[in-house]
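Single-structure report; data block below.
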Amino acid sequence: MQLPREVVVGEGVIEQTAEISKRLGFTESTLIITGKKTHNIAGKIVEETLEREGVQAKTYIVESATIKDVEAVEEKIRALKPQVVFGVGGGTKIDIAKLSSARQRVPFISVPTTASHDGIASPLSSVKGLEKPFSIMAQAPVAIIADTNIIAQTHHRFIASGCGDVIAKFTAVRDWKLASMNRNEYYGEYAASLALMSARLVMRNASIIKPENEKGLRVLLEALISCGVAMSIAGSSRPCSGAEHLFSHALDIIKPNNALHGEQCGIGTIIMAYLHGANWKHIKETLKTVGAPTNAYELGLGKDEVVKALFMASSIRPERYTILNKLDLSLEECERIAKITGVV
Ligand SMILES: [Zn+2]
């Protein structure tokens, strides 16, 4: 079980980067992986604070998020031999830093610039160019530095997306339990409770998750980080990823780069909650409250695309047993359910 040793969330905490790095024993050399934009927003500050405190910091800017980028970063790690790799950015830069550092057996520190999904704290990486459309095991960050001043600068859409990814745990945990009952799969009560608690926390605080509300953003960040920890405890994405994630992965195949991961997962959660016989209306209301999309139109999708994604979701990852395997829906049933839940 790998868990972060330092988790710092709050206004201006990025200034503590050097202090945290030194406390963890990374006193000499570091490598910062960031994007062009995120370098200006946060990468530069990380670099400057480290250098100011006498810790060497080299920056490498990645432009895309493919397995080729991971290999390029690995080469940099082999050449520079840093004590630690910082991933500074939204989703993709963190994923690249996480996977390349794991492959090279160097610790990794996560410095997120958005709160759009739980990859900021999880041990998993999602990178394009791999055989599978879902995340693979990499390593947990040894520290997470989440500066709310920086994250609050992003468009509220990203924060709403993060809420969708957390609310998804509501059905992910139900799917996990189902797999344990019907397929005798390992089920970790503690990891499941942690994921579920995060979802409940965001649902309870939905009304304060809005632009320029630091408290709401903190709730979301803490929930996302707890989800990452839940995955580290479980040793897989099981507590955080069920049929609603398979639905999102199917949408990624049907219409790539259309919507944010958490937005798609949120809509998937409405549908899967209905299938589980849970309170799907409450999920829908909560998503609306935080400003996340709740139907195909708001997601920029047509009716057929949503129905197709629901129909093909269970085939994305056959070993992951969910409510969709249990119900084995026909295309007509998928359409009916999408209509009942108001998704189409
Ligand atoms: Zn997710």
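For the stretch 144-162, name all the residues that are outside any helix (DSSP H, G or I) and touching a Ser or Thr at 6+ places or on another chain (Cβ under 7 Å). Please lay out each step first, then the result.
As a first pass, look at the stretch 144-162 and keep what is outside any helix (DSSP H, G or I): 144-147, 152-155.
Matches in the stretch 144-162: 144, 145, 154.
Apart from one condition, residue 112 fits all of (1) touching a Ser or Thr at 6+ places or on another chain (Cβ under 6 Å); (2) at pLDDT 95 or above; (3) within 16 Å of the ligand (Cβ to nearest atom); (4) not aliphatic (A, V, I, L, M); the exception is (1). Take the conditions (1) within 25 Å of residue 221 (Cα to Cα); (2) β-branched (Val, Ile, Thr); (3) in contact with a His (Cβ under 8 Å, 6 or more places away or on another chain); residue 59 misses just one of them, which is (1). For the stretch 236-291: of the residues being small (Gly, Ala, Ser) and in contact with an Asp or Glu (Cβ under 6 Å, 6 or more places away or on another chain), which is farthest from the ligand (Cβ to nearest atom)? Among those that are small (Gly, Ala, Ser) and in contact with an Asp or Glu (Cβ under 6 Å, 6 or more places away or on another chain), it is 243. Residue 299 satisfies every condition listed in (1) more than 13 Å from the ligand (Cβ to nearest atom); (2) surrounded by fewer than 24 Cβ atoms within 10 Å (Cβ to Cβ); (3) in contact (Cβ under 8 Å) with a residue 12 or more places away in the chain; (4) under 24 Å from residue 179 (Cα atoms) except (4).
Per this entry, residue 217 is not counted among residues that are under 21 Å from residue 276 (Cβ atoms), out of contact with any His (no Cβ under 6 Å at 6 or more places or on another chain), aliphatic (A, V, I, L, M) and not in a loop (DSSP other than H, G, I, E, B).
If you go through the stretch 225-235 one residue at a time, how many are within 13 Å of the ligand (Cβ to nearest atom) and either without any contact (Cβ under 8 Å) to a residue 60 or more places away in the chain or within 17 Å of residue 171 (Cβ to Cβ) (or both)? Lay out the reasoning, then the answer.
From the stretch 225-235, those within 13 Å of the ligand (Cβ to nearest atom) are 227-228, 230-231; that's our starting set.
Retained after the next criterion (residues that are either without any contact (Cβ under 8 Å) to a residue 60 or more places away in the chain or within 17 Å of residue 171 (Cβ to Cβ) (or both)): 227, 230-231.
Adding up the residues that qualify gives 3.
Among the residues here, residue 294 qualifies as under 23 Å from residue 205 (Cβ atoms) and of a type in the set (Val, Ile, Thr).
The values are calculated or read from the model by the stated rules, or taken from the named source; none is laboratory data. Fair warning: this is a prediction, and the values are worked out from it, not measured in the lab. Here the Cβ is made from the backbone with ideal geometry for all residues, glycine too, and neighbour counts use every protein chain on show.
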